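Remarks on the structure that follows.
The values are calculated or read from the model by the stated rules, or taken from the named source; none is laboratory data. Model, not experiment: these values are computed from the prediction. Neighbour counts are summed over all protein chains in view; Cβ atoms, including those assigned to glycine, are modelled from backbone coordinates with ideal geometry. For accessibility, only protein heavy atoms count, side chains too; no ligands or nucleic acids. Shrake-Rupley method; radii C 1.70, N 1.55, O 1.52, S 1.80 Å.
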Amino acid sequence: MDEHSELTVQEPQEKMVDDAFQHLLDSYIASRHRKKVDIITKAFNFARQAHKGVKRLSGEPYIMHPIAVAQIACTEIGLGSTSICAALLHDVVEDTDYTVEDIANIFGPKIAQIVDGLTKISGGIFGGQASAQAENIKKLLLTMSDDIRVILIKICDRLHNMRTLESQPANKQYKIAGETLYIYAPLANRLGLNKIKTELENLSFKFEHPEEFNTIQRKLAITQESRDELFEQFTSPIREALDKMGVNYKILARVKSPYSIWNKMQTKHVSFDEIFDILAVRIIFKPKNRENEINECFNIYVAVSKIYKSHPDRLRDWLSHPKTNGYQALHVTLMSKQGRWIEVQIRSDRMDEIAEQGFAAHWKYKEGEEYTEDEGELNDWLRTIKEILDDPQPDAMDFLDAIKLNLFASEIFVFTPKGEIKTMPAGCTALDFAFQIHTFLGSHCIGAKVNHRLVPLSHKLQSGDQVEILTSNSQHVQADWINFVSTAKAKGKIQAILRRENREIQKKGEQALTDFLARHDMEVNVSVLDKLCELHEVKKHEQLFQCIGDKSIILGEKDIDELLGKSKREGGKKGWRRLVPFLGGKEKANVVKEAFEAQDYFIVPKDFNRKKPVYITENNITQFLFPDCCHPIPGDDALGFIDNKNRIEIHKRNCQVANRLKSSYGNRLLDVKWDMHRRMYFDATIVMRGIDRLGLLNELTQVISHQLNVDMKMLTFKTSENIFDGEIDLRVHDRDDVHNIMDELKAIRGIQEIHLDN
């Protein structure tokens, strides 16, 4: 290629970069922030030089990614120059030879601190079984508790990665989408970034379950016209009333997102057509007097409830007590003339901006963009995050679960005996409340008085309860407390106290094991511990020491036999063997036949290509592990997970265990595809509910056994007050079989609800 043609290739890409940066500058100049164009330009030129010549998987110059992240930070969250510079520089330390110190020298300590918080770490806090993902989330949250902008920029980074996820291989898509759904969407929600939270959820859904996503999109498009008609008919009398009152307002239709619809279909076991709250209405008004905007909200509520009957149990007042993320609005559910309940959200333009952009919207009204510590509720939340981080969890999954508990919970308001109000997660207990006030109160709690009535520690609190905690110095933390507390803080403190106590028992157990093995001329090592864990069905080495220490495991001859290999397995079956990958080639048939006969699990070799899908066939299905958590069958959206012994577990993509694996051990995920030919049978359980009648059971068995010719293993039926609950265990080839059976059964008169038991 000559010099001239080299230039022609470069120029369009250079122009694309220049145009993208100019758009960013124009957006920043149009914002309410102080105009620090020079430092933003300096950061851009520095990042452009640092990433020079590097391309993304999509083929565009790498610098386009930092510009896009900065653009989201500026226009979609409303951040200023410090954040924009940090966004432009966020990958420089990680991907180039520049250090955080270099950034500090050139751009100052504040930008450097944020960039450092956004840089992935090497090394670990969790020790040997480290999860790099959990490590990085931990570091992110540690820095976030010093400067909230770290997590805001990380959410912008994640949003752009999700928007451009097509270029990644499928196993990487599941990792990133799963982590997004598990950690980043709840984080965005907790920070009040409603629009971004919704987009993150939808994109995750789209990449994990493409067929379901497209089906729901298609159905939303088909039903759009009838929704528009309903919206017009419903809002017409409301507009008339608000016009008479002289309110400056706009009314918007809010359609439930595809992810929310799918989630409801899964949890409530209903079809798309049975979801009636797809449409909601939002009234956004400009108050005549900013001081009086809460009263104006209630005036609008009074006006609309004169037109339509309101649902008595569905009035949500977030005006007097805003949510922890700053969300303020009044929600009321009204009965339309078409006989449908429709939720109406009433909020001022200021409340609307905070609802869409979260805490960042508060800063837009301040001089400059420095984060000020006057958002009390946010600081309480950050303090809790800090407390979780201060007590290092030994297990990555436990740590992520503790963080997640704190992110997802909706809130209730509880009063102390002196009338102070405390925000608590819904579903919390009296013991959670005790730990929320002070660790000493929690660890010595013997009961509580709720509204002056004595209740046990496990009593669940309701909004408006007044709670007094009763303590005793002789009380100490019990192991079963962990089963009924629900807040991250209480769980964390209980686990920390129990761990302290357990350490002594574990030390005793470890010493007892060492002495026991020494008597048989053996010593403690990882292989020995793994074998003993498998024999006694415990998951972790620490748990084994604990059980030996508290005498729930008594070591004996059978343990020595197992360790020396004198087990049944040695006498009969062959041991573990390493097999070559089974993804095609001339030798496939022989290798698979040999594996099938030997009943061996496939062991993933070091040079295994994790980007390629793993195909499950009739011949190799016995080489994989199918854990009890979700029972995937052919046709399910599935993924593979490489376990600690390099075997492959198969999970449904929406399985709860798989969701945790995606966010902790995403690098061990594999894309799985089914290549089955309806020659094998799998177990499936269908659950039903409906109105009982004479002959229903006979009709049901006729449809399954004779009409569909399906093998029934078991049928259980319970009837109470004319309502029946039934379960059928069937043998099916794949997911299509299940759907066909369910469609046929739905047509039977009396069956109201039907779903697959997961």
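With every protein chain in place, what's the accessible area of residue 18 (1.4 Å probe, Å², nearest 10)?
Accessible area, nearest 10 Å²: 70 Å².
Taking all protein chains as present, what is the carbon and sulfur share of the accessible area of the range 229-273, in % to the nearest whole number, probe 1.4 Å? Don't skip to the answer; put the middle values down first.
Working: 1170 of 2490 Å².
Taking all protein chains in place, the range 229-273 shows 47 percent carbon and sulfur surface.
Rank by packing, highest mean first: peptides 705-718, 74-87, 663-676, 620-633, with packing defined as the count of other Cβ atoms within 10 Å averaged across residues. Please list the in-between numbers first.
Values: 705-718: 11.9, 74-87: 25.5, 663-676: 19.6, 620-633: 17.2.
Result, highest mean Cβ count within 10 Å first: 74-87, 663-676, 620-633, 705-718.
Just to check I understand the Karplus step: with θ = phi - 60° and J = 6.51 cos²θ - 1.76 cosθ + 1.60, what whole-Hz values come out for the range 165-173, glycine and proline as x?
6, 4, 6, 8, x, 4, 5, 6, 4
Between residue 483 and residue 95, what is the label-to-label distance in nm when each label sits 7 Å out along the Cα-to-Cβ direction?
5.1
Given Cβ point charges of +1 (Lys, Arg) and -1 (Asp, Glu) and nothing else, what value in debye, to the nearest 20, does the dipole of the range 264-354 about its Cα centre take? Don't jump to the answer; show the numbers that get you there.
Numbers: 15 positive and 12 negative charges, 33 e Å.
So the magnitude is around 160 debye.
For residue 13 and residue 42, what is the calculated FRET efficiency with R₀ set at 22 Å and r taken between the beta-carbons, to the nearest 0.05?
On the way: r = 22 Å, r/R0 = 1.00.
For R0 = 22 Å, the calculated efficiency reads 0.50.
Karplus couplings for the range 621-632 from phi (6.51 cos²θ - 1.76 cosθ + 1.60, θ = phi - 60°), rounded to Hz, Gly and Pro as x?
After applying 6.51 cos²θ - 1.76 cosθ + 1.60, I find 4, 6, 7, 10, 8, 10, x, 6, 5, 9, 6, x Hz.
log10 I(q)/I(0), Debye, Cα-only the range 139-253, no solvent, q = 0.12 Å⁻¹?
Each listed q maps to, in turn, -0.64.
Can you give the FRET efficiency to the nearest 0.05 for residue 276 and residue 167, using r as the Cβ-Cβ distance and R₀ = 51 Å? Please report the intermediate quantities before stating the final value.
On the way: r = 39 Å, r/R0 = 0.76.
Using R0 = 51 Å, I get an efficiency of 0.85.
Quick one: length gained pulling residue 288 to residue 32 fully straight, 0.36 nm per residue minus the C-alpha distance? Let's see the in-between values first.
Values: separation 256, 0.36 × 256 = 92.16 nm, distance 2.27 nm.
Extra length from residue 288 to residue 32 when fully extended: 89.9 nm.
Mind listing the phi-derived Karplus ³J(HN,Hα) values for the range 454-468, rounded to whole Hz, using 6.51, -1.76 and 1.60 with θ = phi - 60°, and x for any glycine or proline?
Working through the residues one at a time gives 5, 9, x, 4, 7, 4, 7, 8, 10, 4, x, 5, 9, 10, 10 Hz.
For the cross-link pairs 558/606; 55/606; 288/422; 206/746, which exceed 30 Å when the distance is taken from alpha carbon to alpha carbon? Each step should come with its number before you reach the end.
On the way: 558/606 34 Å; 55/606 28 Å; 288/422 32 Å; 206/746 28 Å.
From the list (558/606; 55/606; 288/422; 206/746), the Cα-Cα distance tops 30 Å for 558/606; 288/422.
Take residue 560 and residue 625, extend 7 Å from each Cα along the Cα→Cβ direction, and tell me the distance between the two endpoints in nm.
For the pair residue 560/residue 625, the computed spacing is 3.0 nm.
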